[in-house]
Structure formats: structure tokens, C-alpha cells
Amino acid sequence: MERKEIKDSAYLFLGSIGPAFENITLGIGDKLALKAIAGAYRVSEEEVKKRYSRTGDLGDVAFELNQGEEKSLAIDEVFGSLKEIKEASGKGSQEEKTGLLSSILQRASPKEGKYIVRIVLGKLRLGFGDQFLLEAFSIAFTGDKKYVVKIKESYSVCTDIGELAESLAEQGPKALGHFSIKLGRPVRSMLAQRVKTFEELEERIPGKKAAEEKYDGERVQIHKNGEEIKAFSRRLEDITAQYPDVIEAVRKGILAKKIVLDGEIIAYVEGGKANDSTGEFYSFQRLMKRRRKYEVQKYTEICPVAVFFFDILYLEGNSLLKKPYPERRAILEEHVKESEILHLARRIVTDNLEEIEDFFNEALEKRLEGIIIKSMGRNSAYEAGKRSWFWLKWKEEYASGMRETFDLAIIGKYYGRGKRKGSFGALLCAILNGEEQRFETFTKVGTGFTEADAKEIDSLLSEHIISEVPKNVLIKSRMLPDIFVEPSLVIEVLGSEITESPSHTAGQGEGDTGLALRFPRFLRIRHDKGPYDITTLTEVRNLKEGKSI
Ligand SMILES: Nc1ncnc2c1ncn2[C@@H]1O[C@H](COP(=O)(O)OP(=O)(O)OP(=O)(O)O)[C@@H](O)[C@H]1O
């Protein structure tokens, strides 16, 4: 095969005439195909319809009607015609498309005609996909199956299967490893690994790490090449037309000429929530309203979105894929001018797992679904197409293993900090050590409150504010709250794990570590309980050992 034929046939094998990220729809449905078949083989449309209802496949109908056994087409002829069909547009384009299809069917053998019709209708169904084709490339162009893994890696960066086939045909295995990110050709997204326990985050990425908010929307890779701005989905489809608001915001807020950004588009209203400068996030379901071809502009108002960028892959002619994450993040911060629609993914950098836990709880409070922990290591490259151990996801559902409720006494309150300034903050809560008749801190609850809950709690606590720690309360200095309250108000809290903690005093005795409740969530105020009716240390210990309370 000639080089050009190799490229074209790579697309045709997958029932297409180009890579997914280019607009490759031919604009022919059953109705037009039926007309073209009738025209090509000089039978009535009724006849084609009758046969179609019997076989259920217009490709088979074309095969039956075609008498041209000895005819044969070259690949470039087929490919050229399909391209012409795609490009016919505007007034009279339907007739033009039908005429072009008719004409190529007349020149085709029965088998060729059958497959052309199927390709045109997007129903080739050869029974294999791109992964299979990559294995075939390994054998065909390197003579050895052992290159499959490398070819698949290259395909994550060079996502145009035709281009990949052409390079391999030309250079063999030497082509591998030399592909780079290119404007207009999205790379496959880097994905995050999942861990089983919160501690595993520390085992996998020890020491200093970043925790970023995890946005539950649509992954987007934005390519800006001067005036031309394109958005690609995780499946590498061109989704530019769906998000005119995002594209406009990029035009205004991203000043670099040539740049590729990775992020998540999410349904979001800036400053939507009173007292919260971070705005309000909405569900993935709501974002899906934006998946439409018509009335796109109207829906930008019905469902406003924002994009949160968390990575940069390319800048002014240079690939950044191999640079470590901290460097990429610094470059990203330099090039994104935040606005109502453009944001940087919020994050903290720390080596303290408890701070990450707080950050996670705050994310849930904002109705986000979790966090992504990212390695700050020197080798933390952008691993296109890979589920990488440099990125770990931790979601609300992973944290909800135990789901037990506890009645806890409030002994202090923290104000909202940073972005949460002015908002409710969190409550320091204690269990009762029955033997010592002492309240020992067990958890800090910052999520699950409605605005009404927060108001009610504030007003109830206001009567119990004291200036120092009472004798019957044991608090570590690192956990000191902004306001102390005497144990009086009891709340019911849902929690999912009891762990050893250097910050809490529950059951610590002479030792240094106490017990703590992880991922607590406020359920309700227990007006019916007093501070001496709450969950006790004995109950917590039993629960930790797997016995029920
Ligand atoms: N800050 C962030 N960093 C990286 N990815 C993020 C971030 N925020 C949101 N995401 C999204 O979260 C996805 C991973 O989360 P989740 O497990 O919910 O998605 P999934 O589609 O079920 O799984 P996956 O994407 O890992 O196959 C990423 O693919 C990305 O689209």
C-alpha cells in the first residue's frame, strides 16, 4: 500500500474518514442513502424500502442490487468521494450528497458498495475498534507484537490514528516516543487512581502533596491557536460549539497565543450563595442540559457554567507534558486570568493529612464530590491516557464505609477561614469519658449544615460562650477553637471511620494519641439530649473494635 492509502484506510477501518476531533459527519441519513441506492441501481425507492425492511441493513440492499461484479475502486477514490460528500453544504447540498453517493456506488463492486453504504451511515461494524487496529500496526509496521504497548502509549499523544499509521509505516519502531502534543490535536486525558483508605493517600504519595477540589462536570481540553479556540471532550470530540460562553471567556482571559489547558467545565453560578464568595456548584445532570445542537445560546443563560483549569500541557510552541506538576501549575497560574467563567482549580499544598481531611470536608460542604491528591514529585509528568499514581481521587462515597451516628456535645466553634470567611465554619465536638466524667474532643464538624441549622446553632450557642476551657473539657492546644462553649448543646453526627489521631483527646489517657471520627457530617440538633446523654468513650472503643455500640 502507498503511504497515503495507509493513512486513509486506517480511518476507513474504523468506519470514519478522519480522527474524532475533526468534524467528520457526512450528513447522510437513511432517507438520503435510500435515494442514492435507488438512483445508482435504477430501481424505485419503494423497491429499496421493501428490501430494507427485510434485511434491516441498507449495505446489504446495495449488495443485492449491484450487478457490477468485475468493478473495483481504489482507496483514494472512495476516500475522495466520502470527503466530497462531507464537504457538500448549504442550499442543494442534500441532492449533491445523494448524487455523489450514487455515483461512487455505480463504480463499486457489490462488496465495496455494501461497505461504503455502511461507512456513510456510520454503521460499519467490522467488529473491532482502534485498540485492535494498534495491535495490527505493531505486526504490520514493526514485524513484532512487542511494540503494542509503546504504540498504545504513542496513540495517547498522537490521537490521530491515520497520522500514527503513516509515521509507523514510514519509520517503523523509530517513530515511537517521538510524538508530541500539537495544537488542534487533543491528547488523551490523564486519569486518577482510586485508593481504598484515606491512609493510602499518604502511602502512595508520602510527604508534601497537593489536594485539589474535584469538580463533577465535563473534562475539557482547550486549544488556543491565535484566534482559533477549540474545546475537546474526554472522548476527544470537538465540543467547541456547545460552550460559546467558555470560548469567549478564553478569548478574553487567556492572553497566550498558543496554549493548551486541561480542566473541568461545571454548572456554576459565581457568588450564588449568600456569604460565600466561591459561588455555587450544580450537579452533572444540570450540566448535561448543555449537550445540545440547537438553542445553544439560550442555554448559556439557562445553565451558566464555569471552567476550572487544573493543568497546562503546551505553551507557545513547547510541550509541557514532561514537566513536573508543580512547574506546570506555576505556569498555569501565570496564564489564567480568573473571571466569572475562568477559574483555577482550588487547592492546598501540605504534608499534613488532617489538613487534607479538612479540605475534603470543605469541598463536600460546597457540594463538590471530593478531592484529587497530586504528587509534587520531580517525576510528576502529565501522563496522557494513563490512570496514574501521581493523581489519586478521594470521593465522598469512598469515605462513607461505616455510616454510624454519634451524639456529640459542642465545645467550641471555628470561624470560616480564607474563602469561607464569614460563613459558618466548623464545630469542635466531644464525646463523654464516663469514668473521668470529662468531655474529650473527637471531631471537627464542618459539613451538612443548612443555613437555617447554622443560624439556630449560633443562636443556641450564644448563651453558652465562655472565655476559657472548662475543667471538665480536654482539648489539645493545636485544636483550640475561636470560641469556647460549655458543653450543653448536643448534635447528631454521621461519621464513617474512627482513627487514631494526634489532634484529638478522646480516650488518650496518658498517651499522646486519641481517637477521632473521620468525615463527620451534621445531621440534626438533639434538643432531647443533654451533654451527659451523649456517646461515651466506651461506646466509641467498642465500635472501633468492631462491636456495636
Ligand atoms: N482538580 C482536578 N484534577 C484532575 N481531575 C479532575 C479535577 N477535578 C475534576 N476532575 C475530573 O475528575 C475525573 C475523575 O473522577 P471520577 O472518578 O469521578 O470520574 P470517572 O469518569 O468516574 O473516572 P475517571 O475519570 O477516573 O475514569 C477526572 O477524569 C476529571 O475529569
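The values are calculated or read from the model by the stated rules, or taken from the named source; none is laboratory data. Since we're looking at a predicted model, the values are computed, not measured. Don't worry about glycine lacking a Cβ; one is built from the backbone with ideal geometry, like all the others, and counts go over all protein chains shown. Only protein heavy atoms, including side chains, enter the accessible area calculation; ligands, DNA and RNA are left aside. Shrake-Rupley method; radii C 1.70, N 1.55, O 1.52, S 1.80 Å.
When we screen Asn352, Asn361 for residues that are in the same structural domain as Leu201 (by the TED database), more than 16 Å from the ligand (Cβ to nearest atom) and free of Cβ contacts under 8 Å to residues at least 12 places away in the same chain, the only hit is Asn352.
I want to confirm something. Restricting to region 229-238 and keeping residues that are within 16 Å of the ligand (Cβ to nearest atom) and either over 21 Å from Arg329 (Cα atoms) or at pLDDT below 95 (or both), which single residue is most open to solvent (accessible area, probe 1.4 Å)? Break it down into steps so the answer makes sense when it comes.
If we filter region 229-238 for residues that are within 16 Å of the ligand (Cβ to nearest atom), which is where we start, we get 231-237.
Still in the list and also either over 21 Å from Arg329 (Cα atoms) or at pLDDT below 95 (or both): 233-237.
On the way: Ser233: 11, Arg234: 128, Arg235: 178, Leu236: 11, Glu237: 73 Å².
Among them, the one singled out is Arg235.
So, Ala241, is that one assigned to a strand (DSSP E or B) and either open to solvent by 40 Å² or more (accessible area, probe 1.4 Å) or within 16 Å of the ligand (Cβ to nearest atom) (or both) or not? It is false that Ala241 is assigned to a strand (DSSP E or B) and either open to solvent by 40 Å² or more (accessible area, probe 1.4 Å) or within 16 Å of the ligand (Cβ to nearest atom) (or both).
Taken over region 57-100, the criterion of being among the hydrophobic types (A, V, I, L, M, F, W, C) and within 16 Å of Gly15 (Cα to Cα) is satisfied by Leu58, Ile75, Val78, Phe79, Leu82, Ile85. Listed conditions (1) within 18 Å of Val220 (Cβ to Cβ); (2) open to solvent by less than 70 Å² (accessible area, probe 1.4 Å); (3) in contact with a strand residue (DSSP E or B) (Cβ under 9 Å, 6 or more places away or on another chain) are all met by Lys289, apart from (2).
Just to be sure before I move on: is Ala409 at pLDDT below 95 and either among the β-branched types (Val, Ile, Thr) or crowded, with 24+ Cβ neighbours inside 10 Å (or both) in the structure I sent? Let's see the steps before the verdict.
Values: at pLDDT below 95: no; either among the β-branched types (Val, Ile, Thr) or crowded, with 24+ Cβ neighbours inside 10 Å (or both): yes.
No; evaluated as a whole, the condition is false for this residue.
The set of residues from region 188-228 being closer than 29 Å to Lys258 by Cα, away from the ligand (no atom under 13 Å from the Cβ) and open to solvent by 10 Å² or more (accessible area, probe 1.4 Å) comprises Lys224, Asn225, Gly226, Glu227, Glu228. Within region 188-211, residues that are under 30 Å from Ile161 (Cβ atoms) and in a loop (DSSP other than H, G, I, E, B) have Cβ atoms under 8 Å from residues that are within 16 Å of the ligand (Cβ to nearest atom) and open to solvent by 60 Å² or more (accessible area, probe 1.4 Å) in these pairs: Ser189/Arg234; Met190/Lys386, counting only partners at least 6 apart in sequence or on another chain. Determine whether Gly511 is out of contact with any Phe, Trp or Tyr (no Cβ under 7 Å at 6 or more places or on another chain) and surrounded by fewer than 15 Cβ atoms within 10 Å (Cβ to Cβ). Taking the combined requirement at face value, the residue satisfies it. Close contacts from region 519-541, counting a first residue that is within 20 Å of Lys444 (Cβ to Cβ) and a second that is open to solvent by 60 Å² or more (accessible area, probe 1.4 Å) and part of a loop (DSSP other than H, G, I, E, B), with Cβ to Cβ under 6 Å and a gap of 6+ residues or different chains, come to Glu539/Ile549.
Rundown of residues vs (1) β-branched (Val, Ile, Thr); (2) in contact with a His (Cβ under 8 Å, 6 or more places away or on another chain), yes/no style:
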| residue | (1), (2) |
| --- | --- |
| Glu203 | no, no |
| Lys214 | no, no |
| Phe232 | no, yes |
| Arg235 | no, no |
| Asp238 | no, no |
| Pro244 | no, no |
| Ile247 | yes, no |
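For Ile312, indicate whether it is touching a helix residue (DSSP H, G or I) at 6+ places or on another chain (Cβ under 6 Å) and either under 21 Å from Leu183 (Cα atoms) or open to solvent by 60 Å² or more (accessible area, probe 1.4 Å) (or both). For Ile312, the condition - touching a helix residue (DSSP H, G or I) at 6+ places or on another chain (Cβ under 6 Å) and either under 21 Å from Leu183 (Cα atoms) or open to solvent by 60 Å² or more (accessible area, probe 1.4 Å) (or both) - is met.
Screening Ala165 on (1) surrounded by fewer than 19 Cβ atoms within 10 Å (Cβ to Cβ); (2) modelled with pLDDT of 95 or more; (3) more than 30 Å from Leu353 (Cβ to Cβ) shows it passes everything except condition (1). Given the conditions (1) at pLDDT 90 or above; (2) among the aliphatic types (A, V, I, L, M); (3) over 22 Å from Lys413 (Cα atoms), report the number of the one that Met479 does not fulfil. Of the numbered conditions (1) at pLDDT 90 or above; (2) among the aliphatic types (A, V, I, L, M); (3) over 22 Å from Lys413 (Cα atoms), the odd one out for Met479 is (3). When region 199-228 is filtered for residues that are β-branched (Val, Ile, Thr) and under 30 Å from Ser501 (Cβ atoms), only Ile205 remains.
Okay, residues lined up against (1) within 38 Å of the chain's Cα centre (by Cα); (2) closer than 24 Å to Glu362 by Cβ:
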site: Asp453; (1), (2): yes, yes
site: Ile466; (1), (2): no, no
site: Val469; (1), (2): no, no
site: Val485; (1), (2): no, yes
site: Pro502; (1), (2): yes, yes
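Among the residues that make up region 109-117, is at least one of them in a helix (DSSP H, G or I), in the same structural domain as Gly15 (by the TED database) and of a type in the set (S, T, N, Q)? So far as region 109-117 goes, no, none of its residues is in a helix (DSSP H, G or I), in the same structural domain as Gly15 (by the TED database) and of a type in the set (S, T, N, Q).
Every residue, every condition in (1) assigned by the TED database to the domain that holds Gly412; (2) open to solvent by less than 10 Å² (accessible area, probe 1.4 Å); (3) touching a Ser or Thr at 6+ places or on another chain (Cβ under 8 Å), yes or no:
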{"residue": "Ile457", "(1), (2), (3)": "yes, yes, no"}
{"residue": "Ile465", "(1), (2), (3)": "yes, no, no"}
{"residue": "Lys471", "(1), (2), (3)": "yes, no, no"}
{"residue": "Ile491", "(1), (2), (3)": "yes, yes, no"}
{"residue": "His504", "(1), (2), (3)": "yes, no, yes"}
{"residue": "Phe519", "(1), (2), (3)": "yes, no, yes"}
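Looking across region 249-266, the residues that are of a type in the set (A, V, I, L, M), within 16 Å of the ligand (Cβ to nearest atom) and either under 16 Å from Glu334 (Cα atoms) or at pLDDT below 95 (or both) come down to Val260, Leu261. Screening Ile104 on (1) surrounded by fewer than 18 Cβ atoms within 10 Å (Cβ to Cβ); (2) touching a Leu at 6+ places or on another chain (Cβ under 9 Å) shows it passes everything except condition (1).
Of all residues in region 536-548, those being modelled with pLDDT of 90 or more and closer than 13 Å to Gly495 by Cα number 1. Kindly check whether there is at least one residue in region 246-260 that is farther than 30 Å from Arg518 by Cβ, open to solvent by less than 70 Å² (accessible area, probe 1.4 Å) and without any contact (Cβ under 8 Å) to a residue 40 or more places away in the chain. Yes, some residue in region 246-260 is farther than 30 Å from Arg518 by Cβ, open to solvent by less than 70 Å² (accessible area, probe 1.4 Å) and without any contact (Cβ under 8 Å) to a residue 40 or more places away in the chain.
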